């Protein structure tokens, strides 16, 4: 799942670890517990269009964020998530 954060610094998702991400307009809607940062593999070096490798991507992630990009999450409340639903991260 890709979530576009408004006015978030690069790798802002690191601050979400230990918090809950909620979707939709109801407090009892779908939710994820953000469990840990995602240590990236060399797969992010591959172009999704051509499968050509570009090591600059991994080198940049390592240099800027200790090899982490993205987060892992565990569902804590089920429900339907639609494109365009509001998303917020709570304590």
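Details
- Between residue 7 and residue 83, the simple label model (points 7 Å from Cα in the Cβ direction) yields a spacing of 2.7 nm.
- Using a Gaussian network model of the chain in which every pair of alpha carbons under 10 angstrom is joined by a spring, one finds that among 21, 43, 58 the greatest mean-square fluctuation is at 43.
- Per residue, the average separation of C-alpha pairs within less than 8 Å and at least 6 apart gives the chain a relative contact order of 39 percent.
- Rounded to 10°, Cα long-axis angle of helix 56-65 versus longest principal axis of the chain: 50
- Model label zone, residue 76; criterion: amide N under 12 Å from point 7 Å along Cα-to-beta-carbon; scope segment 3-25: 17-23
The numbers here are math on the coordinates, done by the rules we state, and not lab data. Since we're looking at a predicted model, the values are computed, not measured. Using ideal geometry, Cβ is built from the backbone for each residue, glycine included, and neighbour counts are taken over all protein chains shown.
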